[in-house]
Amino acid sequence: MDIKRVRFPHEAPSNTYQEVPCLRRLLIILLVFIYATVAPALAGQINDVKLENKINHLRIKHDLRPYNSNSKLQKVAQRRSSRLAEIHKLKHSPNLKKRLRPALAVGEILGVGTTWRGVYRTLKHSPEHRGVMLSRTFTQQGAGLTRDKRGRLWVVVVFRKPA
C-alpha cells in the first residue's frame, strides 16, 4: 500500500525547498554586486554635496549668500578631478571659461589629500583659495571628488557667475 503525503494548499511543493537556498545565494551575490558598484558612486556624490555645504557654511559665517549648487558645474568638476587623479598632478584647467559658458566669471580650486574634510581645511586656510570660496563675484558652485588607486582624494570645485 502506497502512502501519499497530503499537501495543504498553503504548503509549497517539496522541490521548492531545494530551490530556495539557491535563490538566496543568487540574491546575496546580486546585492553584493550592486553595493560594490553603486555605493562608491553614491558616497562620492554625498561627499561632493557635503563639501559644497561646508563652503556655503563658511560663506554664511561671513555674512555672504550661499552659492547655488549647479549640476553642470558638478559634472565639469567631476570630470576634472578624474583627470587629475589619472595624471597625479594638480593643474588648473586652461579652458574653464569655455566649458562653463555662458559665464561672466569663473573660478576653480584644486586640492589633494586623504579626506575631503582635510582638503577643505587646507583650502580654507590658504588665502588665495579662501578668497575664491568667499568671493562675491560667483553665484554657483559644483564639486567633484575622485579617489585614485593610491587612496588619494582629488578635489575640484568650480565656481561661476552665469551670463
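The table for this structure:
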{"read-out": "Cα-based shape type of the range 50-163, given that a ≥ b ≥ c are square roots of the gyration tensor eigenvalues and the cut on a/c is 1.5", "value": "oblate"}
{"read-out": "Percent carbon-and-sulfur accessible area, the range 51-102, ignoring ligands, DNA and RNA, probe 1.4 Å", "value": "48"}
{"read-out": "Contour excess over end-to-end distance, with Cα ends at Leu104 and Lys161 and 0.36 nm allotted per residue", "value": "20.0 nm"}
{"read-out": "In Hz, Karplus ³J(HN,Hα) per residue of the range 86-100 (6.51, -1.76, 1.60; θ = phi - 60°; x = Gly, Pro)", "value": "5, 8, 6, 8, 7, 8, 5, 6, x, 10, 5, 4, 5, 5, 9"}
{"read-out": "Environment charge of His92, counting only residues whose C-beta is closer than 13 Å and scoring Lys/Arg +1, Asp/Glu -1", "value": "+4"}
{"read-out": "Full-stretch length increase - Arg79, Lys91 - with 0.36 nm per residue and alpha-carbon distance subtracted", "value": "3.0 nm"}
{"read-out": "Sequence-distant residues sharing a close amide H with Thr139 (under 5 Å, placed H)", "value": "Arg160, Lys161"}
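The values are calculated or read from the model by the stated rules, or taken from the named source; none is laboratory data. Bear in mind that the values here come from a model prediction, so they are computed numbers and not experimental data. Because the Cβ atoms are built from the backbone with ideal geometry, glycine has one as well, and the counts that use them run over all protein chains shown. Ligands, DNA and RNA are stripped out before the accessible areas are found, and what is left, the full protein with its side chains, is counted by its heavy atoms. Shrake-Rupley method; radii C 1.70, N 1.55, O 1.52, S 1.80 Å.
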